[in-house]
1. Does segment 263-282 contain any residue that is farther than 14 Å from Pro130 by Cα, touching a helix residue (DSSP H, G or I) at 6+ places or on another chain (Cβ under 7 Å) and of a type in the set (Phe, Trp, Tyr)?
2. Condition (residue is open to solvent by less than 30 Å² (accessible area, probe 1.4 Å), farther than 16 Å from Phe274 by Cα, at pLDDT below 95 and over 14 Å from the mean Cα position of the chain (by Cα)) applied to segment 133-144: is it met by at least one residue?
3. Could you look through segment 148-196, keep only residues that are among the hydroxyl-bearing types (Ser, Thr, Tyr) and either without any contact (Cβ under 8 Å) to a residue 40 or more places away in the chain or assigned to a helix (DSSP H, G or I) (or both), and pick out the one that is most open to solvent (accessible area, probe 1.4 Å)?
4. Using the structure shown, decide if Gly225 is crowded, with 16+ Cβ neighbours inside 10 Å, among the small types (Gly, Ala, Ser) and assigned to a loop (DSSP other than H, G, I, E, B).
5. Within segment 104-132, work out how many residues are open to solvent by 30 Å² or more (accessible area, probe 1.4 Å) and modelled with pLDDT of 90 or more.
6. Looking at Met246 and the list (1) more than 24 Å from Leu124 (Cβ to Cβ); (2) free of Cβ contacts under 8 Å to residues at least 40 places away in the same chain; (3) not in a helix (DSSP H, G or I), which single condition is not satisfied?
7. List, please: which pairs have Cβ atoms under 9 Å, are six or more places apart or on different chains, and start with a residue in segment 97-112 that is farther than 14 Å from Ile80 by Cα and end with one that is acidic (Asp, Glu) and modelled with pLDDT of 95 or more?
8. Can you tell me which residue among Phe309, Phe319 is open to solvent by less than 80 Å² (accessible area, probe 1.4 Å), in contact with a strand residue (DSSP E or B) (Cβ under 8 Å, 6 or more places away or on another chain) and under 24 Å from Thr201 (Cα atoms)?
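The values are calculated or read from the model by the stated rules, or taken from the named source; none is laboratory data. Remember, it's a predicted structure, so these values are computed and weren't measured experimentally. No Cβ is skipped: glycine too gets one built from the backbone with ideal geometry, and neighbour counts run over all protein chains shown. Just so you know, the surface numbers come from the protein's heavy atoms only, side chains and all, with ligands and any DNA or RNA stripped out. Shrake-Rupley method; radii C 1.70, N 1.55, O 1.52, S 1.80 Å.
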Amino acid sequence: MTTYKAINLVARPSGGPIGPDLFDVVEKNIPEVAKNQFLVKQSHMSLDPAMFGWMSADTESYIPPVALGDVMRSSGIGEIVESNHANFNVGDRVMGMMGWQEYYLSDGTGLNKVTAPLPDEAILSVFALPGLTATQGLYSIGKPQKGETLVVSGAAGSVGSIVGQLAKADGLTVIGVVGSDEKADWVVNELGFDGAINYKTDDIATTLAQLTPKGIDVYFENTGGPIQHHVIARMNAHGRIVVCGMIADYPKAEPDLAPSWIPIIKKRLTIQGFTMPDHFGEVPALLEKLTPYVMQGKIKYRAHILDGFDEAMTGLNLFFTGENKGKLIVKL
């Protein structure tokens, strides 16, 4: 085999579904591996909500958009199949930003060795962007304390589910916001959350009040939407709000109106947005923090696997429909 497939971004999303019209599948020659380089054969690629921003034309975002004609950006995991690098050997597993392509040539920059004795799907579901994002946001911004109450939106998603489990392991009361009764059942009965709100069918204000009798100390925001207004109203003084994602607003030409700033003043709330690219240098420390929880069995996950390289081009739409169950991954 002398060639491999890659998927280039060739058009920007315009508000409709994400599909093959935005991409170009190309064949490339497998590159020669020079000194201090190695070649990775990807086995799984991660699909994440952040990719909607990476496809946009927004040059003022936290990371430059993917240039038209370039390989679509994504994180993934794979095995080194050829190496001329002293610190990376054939057979080593590595993860990092390798893009939508079957092979990736690297000098090691931005890639981390995988040492945990877990399958590739588990690594991408827990130790890649979802787990790193959850750990960074929860502990650096949320600053959870035993006995406090945490609410997390997108609670059945790859980030939200880990946030909730970490908080439960640390002795917090955890309430998840989800979009179906099946997801509510999963986060409560499988992951151990103290309660769940189905924002599509429950009376949000009433249910939230019932589940958070002591108010809310930490809110981990993954989705946006009407839940924001209700949570802000129940935040305790000096509460912390971690703004990680706004999946409800990504496909909209105009985002929903945000909550009033008056409660923010009255309650002296801290609200901070964050993105993982600012913290890639902290990955080893984040993994050191996260790994004990995982190895002690305190973090469960489920992966939603799309089988086949080309599935990447339509799989992102599952975030909009809510049909994805667990970490969305493309298996090559």
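1. no
2. No, segment 133-144 contains no residue that is open to solvent by less than 30 Å² (accessible area, probe 1.4 Å), farther than 16 Å from Phe274 by Cα, at pLDDT below 95 and over 14 Å from the mean Cα position of the chain (by Cα).
3. Ser158
4. Yes, satisfied.
5. Qualifying residue count, segment 104-132: 8.
6. Met246 satisfies all of (1) more than 24 Å from Leu124 (Cβ to Cβ); (2) free of Cβ contacts under 8 Å to residues at least 40 places away in the same chain; (3) not in a helix (DSSP H, G or I) except (1).
7. Here the result reads Gly99/Asp70, each pair linking segment 97-112 to a residue that is acidic (Asp, Glu) and modelled with pLDDT of 95 or more.
8. Residue meeting the stated conditions: Phe319.
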